[in-house]
Amino acid sequence: LAARGGRRALALLAMARVCGLAPLTLVRNLDYHGKLALWLAEAQVTERDFTVYLNLCAAYGELGRPEQALEHCDRAGTLNPRQHSLHANRGIALVMLGRHAEAEEAFQRTIELGGGPLGFHVNLARLYAMTGRLAEAEAQFVKAIELERDEATRRTLRGELLLRCQKDAAAALPEFEAALRLAPRHGPALEGHRVARALLQPASSPGGPR
């Protein structure tokens, strides 16, 4: 998501956190508090700039405050209702509030407006996986993989498909490993790798090792 002055709106990070892929660290939490203060101040002097409200929506989402995130997404929507990033961030806030049917509508709207691979299919795929609609999730992951140009992200998405939709941690692990060789700090790949490895660990016996 593009934002004014070279800032990045954070739909991917927010959606990843909602789906358990990129937990916040203290450093990132403090970073968002600082950016939040900046964008709140900017909103006081640029009331007609939708990107300020879009960034506020993303920042509130990352700080675990979905009600405020949704409020600012709706304000952005009054200024630029056809901006796909708005509907992606709005869907994320709705997921955080457990309003999954409305979130699905928001992500579908992102698709209609042509929001790129993330906006097109990844958020929707993760939402379907979260709610047990695995065949639909797999179809959306496949579309996202076809559209994604970055190889590390493609391998991560393949890993997610295998892990979330096919419940195949053994097949997913090499995909995450390949992604991390290309991009060692790729957040979703790191978390997918951690989850896959944990699932493949043999259960410890109650009495400990023998």
Exercise. What full-extension length gain, to one decimal in nm, is calculated for E146 and E67 as 0.36 nm per residue of separation minus the Cα-Cα distance?
Worked result: 25.0 nm
For this session: Sort T131, T156 from largest to smallest accessible area, using a 1.4 Å probe on the heavy atoms of the protein chains.
Result: T131, T156
Problem set entry | Area projected by the alpha carbon convex hull of the range 107-198, averaged over all directions, nm² | 5.4 nm²
Seminar exercise, completed: Over all viewing directions the Cα convex hull of the range 60-137 casts an average projected area in nm² of 4.7 nm²
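The values are calculated or read from the model by the stated rules, or taken from the named source; none is laboratory data. Treat the numbers as computed from the prediction; the structure is a model and nothing was measured. All accessible areas refer to the heavy atoms of the entire protein, side chains included, with ligands and DNA or RNA removed. Shrake-Rupley method; radii C 1.70, N 1.55, O 1.52, S 1.80 Å.
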